[in-house]
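Here's the structure we're looking at; comments come further down.
The values are calculated or read from the model by the stated rules, or taken from the named source; none is laboratory data. As the structure is a prediction and not an experimental result, all values here were calculated from the model. Positions of Cβ are backbone-derived with ideal geometry, glycine not excepted, and every protein chain shown enters the neighbour counts. These area figures cover heavy atoms from the full protein model, side chains too; ligands, DNA and RNA do not enter into them. Shrake-Rupley method; radii C 1.70, N 1.55, O 1.52, S 1.80 Å.
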Amino acid sequence: MKSDIKLIDSKGKRLDGRKFDELRKIKIEAGVLHRAEGSCYLEWGENKILAAVYGPREAIPKHTQNPLRAIVKARYNMAAFSVEDRKRPGPDRRSREISKVISEALENIILTEKYPRASIDVNIEVLDAEAGTRCAGLTAAGVALADAGIPMKDIPASCAAGKIEDQVVLDLGKEEDNYGNADLPIAISPRSGEVLLLQMDGHLTEDEFNKALNLAINGCKIVSDIQKKALLDKYQPALEVD
Ligand code: ADP
């Protein structure tokens, strides 16, 4: 969408004062819900997200079971009060798409073959939304899965890069998402660098795409360090007592 809004000033600063390669502020807390096997509360800029993991448990209905591996059911939901205009409650096309891509990303990093016929359920509730919620949701899901003790190749980390006013930048905020030219959310397995999710909205040249991808991969690595710190904050004290 074209607009008269200036997204980058003459000094290269963005609307919220960030540089082109800066993330919004991220805060993560592991293990916030007592009923869930694993959980996470995450703030990313003004996004506020809860993730809760249940399972592995018998997949129901039975016909959804896979005799060779667990199925991963991620359910992304935006609360009615999470956006400016009240969102109609319940699933819609967008939340189904996000649930599907997150499920597929997680299936590729969880050791699903350890739990035949089981289901691993990952609930992602967006309480407050300000662009980038699929990345924030997937990041929270990664911490909640680790908190649940689900075996994974690595803890998935997610982040987006995009293009505003012909510049490639990291982690688009709300106005940047609304009035920018492109958004490239990705998720990776930080140790191997394997790409678990890659979507693109808008247009990028090949050169811009490569720049955005590298920027987003670096962003995922910063996100990964914050995820690990949140898990250490929860589990380190227990380890020290033992
Ligand atoms: P993401 O949140 O992963 O960036 P989108 O690009 O689809 O996904 O959405 C961008 C932002 O638009 C969301 O984070 C949210 O702030 C806003 N948004 C999405 N859906 C709605 C909706 N139904 N009503 C109002 N705002 C919405």
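Any chance you could tell me what percent of the C-alpha pair distances in the stretch 81-198 go past 22 Å? Each step should come with its number before you reach the end.
Values: 2706 of 6903 pairs.
Value for the stretch 81-198 (Cα pairs over 22 Å): 39 percent.
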Shape call for the stretch 131-242, from the Cα gyration tensor axes a ≥ b ≥ c (a/c under 1.5 means rounded, otherwise prolate when a/b beats b/c, else oblate), comes out prolate
Place +1 on the Cβ of every Lys and Arg and -1 on the Cβ of every Asp and Glu in the stretch 19-241, take the dipole about the Cα centre, and give the residue among TYR76, ILE28, ILE226 whose Cα lies farthest towards its positive end. TYR76
Could you give the spread of the C-alpha atoms of the stretch 19-241 along their three principal axes, from largest to smallest, in whole angstroms? 49, 43, 34
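Suppose accessible area is computed on protein heavy atoms with a 1.4 Å probe; arrange VAL223, VAL241 from highest to lowest. It would help to have the intermediate numbers written out before the result.
Working: VAL223 0, VAL241 125 Å².
Correct descending sequence by accessible area is VAL241, VAL223.
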Count charges around VAL72 for me, please; just the other residues with Cβ under 9 Å from its Cβ, Lys/Arg as +1, Asp/Glu as -1. -2
Which value, in Å to one decimal place, does the Kirkwood hydrodynamic radius take for the stretch 45-149 when every pair of different Cα atoms is included? 14.1
Between LYS25 and LEU111, what is the FRET efficiency for a Förster distance of 41 Å, r being their Cβ-Cβ separation, to the nearest 0.05? 0.80
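Is it possible to state the helix-based mean residue ellipticity at 222 nm for the chain, with each DSSP H run of 4+ residues giving -39500 (n - 2.57), the sum divided by total residues, to the nearest 500 deg cm²/dmol? What is it?
Working: 4 runs with 72 residues, N = 242.
Rounded to the nearest 500, the figure is -10000 deg cm²/dmol.
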Any chance you could look up the accessible area of LEU23 with a 1.4 Å probe, heavy atoms only, rounded to 10 Å²? 30
Please give every one of the aspartates and glutamates within straight-line cross-link reach of LYS211, meaning a C-alpha to C-alpha distance under 16 Å, and leave out same-chain neighbours fewer than 8 residues apart. ASP21, GLU22, GLU165, ASP166, ASP171, ASP183, ASP201
Theoretical gain in end-to-end length, SER10 to LYS228 [0.36 nm per residue, Cα-Cα removed]: 74.8 nm
The size of the Cβ-based charge dipole (Lys, Arg +1; Asp, Glu -1) of the chain about the Cα centre, to the nearest 20 debye, is 600
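Keeping the other protein chains in place, figure out the carbon and sulfur percent of the accessible area of the stretch 19-241, with a 1.4 Å probe.
Values: 5590 of 11050 Å².
Answer for the stretch 19-241: carbon and sulfur cover 51 percent of the accessible area.
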Between the alpha-carbon centers of the stretch 165-242 and the stretch 60-87, tell me the distance in whole angstrom. 22
How about the stretch 1-88: which GluC sites (Glu not before Pro) there are in a DSSP loop, with at most 15 other Cβ atoms within 10 Å of their Cβ? GLU46, GLU84
Hits among lysines - C-alpha to C-alpha of LYS228 under 25 Å, sequence gap 8 or more where chains match: LYS19, LYS25, LYS27, LYS48, LYS73, LYS114, LYS153
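Could you list the chymotrypsin sites (Phe, Trp or Tyr not before Pro) in the stretch 1-97 that lie in coil according to DSSP, counting only those with at most 12 other Cβ atoms within 10 Å of their Cβ? List each step's numbers first, then the result.
Values: sites: PHE20, TYR41, TRP44, TYR54, TYR76, PHE81; in loops: PHE20, PHE81.
Answer in residue order: PHE81.
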Positive-end residue, the stretch 141-185 charge dipole about Cα centroid, Cβ charges, pick of ALA146, CYS159, LEU170: ALA146
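Could you provide, to the nearest whole Å², the per residue accessible area of the chain with probe 1.4 Å?
On the way: 12710 Å² over 242 residues.
I get 53 Å² per residue for this part.
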